[in-house]
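S.K.: Sending over a structure as structure tokens; questions will come in a sec.
Readers should treat all values here as calculations from the given coordinates under stated rules, not as data from a laboratory. For clarity, every value in this text was computed on a predicted model and none was experimentally measured. Note that each Cβ is placed from the backbone with ideal geometry, even for glycine, and that neighbours are counted across all protein chains shown.
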Amino acid sequence: MPVIRTSEERFENLPEFPFEPRYLELGGMRIHYLDEGRGEVILCVHGEPSWCFLYRKMIPVLGGRHRVVAFDFIGFGRSDKYTEKSEYTYKLHRDTMAGFIEALDLTGITLVVQDWGGLIGLRVAGMMAERFSRLVIMNTGLPTGEQKMTEGFMRWRNFVEKTEDLPVGMIIQGATVTDLSPEVVAAYEAPFPGPEYKAGAQAWPLMVPVRPDMEAAPELRQARQDLQEWTKPALVMFSDKDPVTAGGDKFFKEHIPGAKGQPHATIKDAGHFLQEDKGPEIANRILEFMAG
């Protein structure tokens, strides 16, 4: 199982990204993370095919009052990468996140998830509930292979199946409302200098359960069950221009006891990567939620 590491030179002069890179080792793999500010822990978890650069507009706002931690999953960002798609499993990502939380001994966590960050993060929150205080759920879902997937997701899945070298920058731009600068597009592409670095990004869309017998399906069924017993506060914020997760907010609002009476919001004029389109607004809503 060959492991590769993106050169640090690829991450020089990133726009709006003055944060110090930090690293830890988990199972022989180097994991990159950011750790900014002090106070209650806010753990920001990225999805596909992004990395913690996605949270750069939120970190200064959140970090003014709290401690913000954001890590890169194996295969993404500055973290180490396997070159074979077969190495990427749901269990790998779940155990990476759980191991990361234990290694930093994070407690009292406000969890912020989007996209695959939700599929992994909400399962981990159920496994380690004693370490979490709140959930912030954005543009994600918990599919188990028994639900009808959106046409937007199936188009995305079919695209990945037919594309050997994912155009990461184009994907990010296509899923945002904001017109991204060439420098920002380059920053999203920085972790992936060649196709061999993109095995994790290629694998994730195909791991989403579209049949009940897929590896992640029982894990996500358990995550759904855990959320039905989640009485701690949960805030749901989906955007108005995301065809992939459209309508998915209803499940979380109705099935999580802790979501009752919370200041849920539809983020206007934002695409799938709502952190990119409306980062400061979302961060301020999270601060208000935590204060409340």
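S.K.: Considering only 145, 61, 92, whose Cα is most displaced toward the positive end of the charge dipole of segment 1-151, charges sitting on Cβ of Lys, Arg (+1) and Asp, Glu (-1)?
M.R.: Among 145, 61, 92, the one farthest towards the positive end of the dipole of segment 1-151 is 61.
S.K.: Any chance you could run the full-extension gain for residue 231 through residue 255? It's 0.36 nm times the residue separation minus the Cα-Cα distance, nm to one decimal.
M.R.: Result: 7.6 nm gained on full extension.
S.K.: By counting other Cβ atoms within 10 Å of each Cβ, how are 3, 61 ranked from fewest to most?
M.R.: With the fewest neighbours first, 3, 61 line up as 3, 61.
S.K.: Given 91/253; 57/253; 162/198, which pairs have Cα atoms separated by over 19 Å? Let's see the in-between values first.
M.R.: Numbers: 91/253 27 Å; 57/253 26 Å; 162/198 14 Å.
Flagged as over cut-off: 91/253; 57/253.
S.K.: Right, another one. As an exercise, take the mean of 1/r over every pair of distinct alpha carbons in segment 129-194, invert it, and state the Kirkwood radius in angstroms.
M.R.: 15.0
S.K.: Applying the Karplus parametrisation 6.51 cos²θ - 1.76 cosθ + 1.60 with θ = phi - 60° to the phi angles of segment 279-292, what ³J(HN,Hα) value in whole Hz is obtained for each residue in order, glycine and proline being reported as x?
M.R.: x, x, 4, 4, 4, 5, 5, 5, 4, 5, 4, 5, 5, x
S.K.: Provide the per-residue ³J(HN,Hα) series for segment 215-221, in order, calculated from phi with Karplus coefficients 6.51, -1.76, 1.60 and θ = phi - 60°, each as a whole number of Hz, with x at glycine and proline positions.
M.R.: Those phi angles translate into 3, 6, 4, x, 5, 6, 4 Hz.
S.K.: Give the shape of the chain as rounded, prolate or oblate, defined through the alpha-carbon gyration tensor: a ≥ b ≥ c are the square roots of its eigenvalues, a/c under 1.5 means rounded, and otherwise the shape is prolate if a/b is larger than b/c and oblate if not.
M.R.: Values: a/c = 1.27, a/b = 1.13, b/c = 1.12.
Note, shape of the chain comes out rounded.
S.K.: Can you list residues from other chains, or at least 5 along the same chain, whose modelled amide H is less than 5 Å from the amide H of residue 48?
M.R.: Long-range HN contacts for residue 48: 116, 117.
S.K.: While we're here: Taking amide H positions as placed 1.01 Å from N in the peptide plane, with prolines and chain starts having none, which residues 5 or more places from residue 235, or on another chain, fall under 5 Å of its amide H?
M.R.: Counting only residues 5 or more places away or on other chains, the set is 135, 136, 137.
S.K.: Which GluC sites (Glu not before Pro) in segment 1-43 sit in a loop by DSSP (not H, G, I, E or B) and have at most 10 other Cβ atoms within 10 Å of their own Cβ?
M.R.: Filter output for segment 1-43: 12.
S.K.: Using the basic label-point model (7 angstrom from Cα toward the beta carbon), what is the residue 183 to residue 164 distance in nanometres?
M.R.: According to this spin-label approximation, the distance is 3.5 nm.
S.K.: At residue 149 and residue 215, where each label point lies 7 Å from the Cα along Cα→Cβ, what is the point-to-point distance in nanometres?
M.R.: Between residue 149 and residue 215, the simple spin-label model gives 1.6 nm.
S.K.: Taking the alpha-carbon distance from residue 278 and a cut-off under 14 Å, which aspartates and glutamates remain once sequence neighbours fewer than 8 residues away in the same chain are dropped?
M.R.: The qualifying aspartates and glutamates are 179, 240, 242, 269.
S.K.: Show me, for segment 102-119, the HN-Hα J-couplings you get by feeding each phi into the Karplus relation (A = 6.51, B = -1.76, C = 1.60, θ = phi - 60°), rounded to Hz, glycine and proline as x.
M.R.: 5, 5, 8, 6, 7, 9, x, 6, 9, 8, 10, 10, 8, 6, 4, x, x, 4
S.K.: What value, in deg cm²/dmol to 500, does the helix sum -39500 (n - 2.57) over DSSP H runs of n ≥ 4 give at 222 nm once divided by the residues of the chain? Mind dumping the intermediate values first?
M.R.: On the way: 10 runs with 104 residues, N = 292.
Here the helix-only value at 222 nm equals -10500 deg cm²/dmol.
S.K.: While we're here: Could you check what % of the DSSP bridge pairs in the chain are antiparallel, to the nearest 5?
M.R.: On the way: 11 of 32 bridges.
In the chain, DSSP labels about 35 percent of beta bridges as antiparallel.
S.K.: Taking neighbour Cβ counts within 10 Å as the exposure measure, how do 81, 260, 232 sort from fewest upward?
M.R.: Numbers: 81 27, 260 11, 232 14.
Lowest to highest Cβ neighbour count: 260, 232, 81.
S.K.: If amide H atoms are built 1.01 Å from N in the plane of the peptide, which residues on other chains or at least 5 residues away come under 5 Å of the amide H of residue 26?
M.R.: 31
S.K.: Can you tell me how much longer the chain between residue 291 and residue 103 gets when fully stretched, taken as 0.36 nm per residue apart minus their C-alpha distance, in nm with one decimal?
M.R.: Details: separation 188, 0.36 × 188 = 67.68 nm, distance 2.74 nm.
Separation in residues times 0.36 nm, less the Cα-Cα distance, equals 64.9 nm.
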